[in-house]
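Just below is one structure, and these are the notes that go with it.
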Amino acid sequence: MEIHIAMNDQKWVSLAADQVEVQLRKNPASALSFATGATTLPLFDELISRHEDGRIDFSQATCFQLDEYRELGSEHPASCAHTLINRFYNCINIRKENCHFLDGLCSNLEDFCRDYDSLIQDGGGLDLQILGIGLNGHIGFNQPGTPFNSPTHPAKVEDFTWHKNTRFFNNPADNPRDALTMGIATIMSAKKIILMANGGGKKDILCKALFGPVIEDVPSSVLQKHPNVLVILDQSLSKLCSS
Ligand code: F6R
């Protein structure tokens, strides 16, 4: 596992964008997957800007959604799909038919999740997975206790994360308790994984995830077992594990 500490916010974002750019230059038809949330929004902006400058071409790329709330359609502003579509996909030249979504409104979840994993693997697997990390160590919607061998599956949004996400909903009652997520096994099948984090508040959990025991109670600790992980942190996280 390689850990890069960026000197400033701009560098932090550009280190991650460089990885996407390099990947698409190497293989323009790469399969990519991006976390949503506060962490990746500046990355989307940087990738859009590089696309507008002619540096990155997404026309042959494929994107797979990492996670989604259940009961929310893509038109709901708090859905992950809404962010991906409106803050990223609509601003680059990715083809609509190459953007794959987890259907939060789907009724046949078991079949849907199985087919989603097959779609990823039949296409050759994920080339690059970009992750954020939750304060309890979650990746995607894989909360503490999720088995490391889990495929894409319906997941509960446990209390800690639910309360944190309430800020995205005008009415807390609209905040779903259920989600769909790529499983930990699906994430770990990616050829390369980038974990991005910024803000001093994530110091403790990053310390556990990157240097602590690999345990299902800290889902992101599984990344220690992946052969090709790049961790990109901002300067506020430079003294990880100190005091
Ligand atoms: C969302 C996702 C989540 C976030 C995590 C961090 O698609 O995968 O695991 O990465 O909750 O969220 P932020 O970036 O808002 O701190």
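The values are calculated or read from the model by the stated rules, or taken from the named source; none is laboratory data. Since the model is a prediction, treat every value here as computed from it, not as a measurement. Please note: Cβ atoms are built from the backbone with ideal geometry, for glycine as well, and neighbour counts cover all protein chains shown. Side chains included, ligands, DNA and RNA excluded: accessible areas come from the protein's heavy atoms. Shrake-Rupley method; radii C 1.70, N 1.55, O 1.52, S 1.80 Å.
Observations on the structure shown:
- Enumeration of residues in segment 6-22 that are part of a helix (DSSP H, G or I), surrounded by fewer than 20 Cβ atoms within 10 Å (Cβ to Cβ) and over 16 Å from the mean Cα position of the chain (by Cα): Asp9, Gln10, Lys11, Ser14, Asp18, Glu21, Val22
- Residue pairs meeting the criteria (Cβ under 6 Å; at least 6 apart or on separate chains; first open to solvent by less than 70 Å² (accessible area, probe 1.4 Å) and in a loop (DSSP other than H, G, I, E, B), in segment 153-164; second within 14 Å of the ligand (Cβ to nearest atom) and of a type in the set (S, T, N, Q)): Glu158/Gln143
- Conditions (1) polar (S, T, N, Q); (2) at pLDDT below 85; (3) surrounded by 14 or more Cβ atoms within 10 Å (Cβ to Cβ): number failed by Ser221: (2)
- Any hit, segment 218-239, residues being within 12 Å of the ligand (Cβ to nearest atom), over 16 Å from Asp67 (Cβ atoms) and assigned to a helix (DSSP H, G or I): no
- When we screen Leu119, Leu135, Leu180 for residues that are among the hydrophobic types (A, V, I, L, M, F, W, C), open to solvent by 10 Å² or more (accessible area, probe 1.4 Å) and over 27 Å from Pro28 (Cα atoms), the only hit is Leu135.
- Segment 166-215 - residue that is in a helix (DSSP H, G or I) and free of Cβ contacts under 8 Å to residues at least 12 places away in the same chain and, of those, farthest from Ser74 (Cα to Cα): Asp204
- Every pair of residues 6+ apart whose Cβ atoms lie under 7 Å, when the first sits in segment 10-26 and is at positive phi while the second is assigned to a helix (DSSP H, G or I): none
- In the set Glu2, Glu52, Glu75, only one residue is in contact with a Leu (Cβ under 7 Å, 6 or more places away or on another chain) and open to solvent by 50 Å² or more (accessible area, probe 1.4 Å); that residue is Glu2.
- Qualifying residue in segment 59-66 (condition: out of contact with any strand residue (DSSP E or B) (no Cβ under 9 Å at 6 or more places or on another chain), farther than 23 Å from Thr161 by Cα and open to solvent by less than 20 Å² (accessible area, probe 1.4 Å)): no
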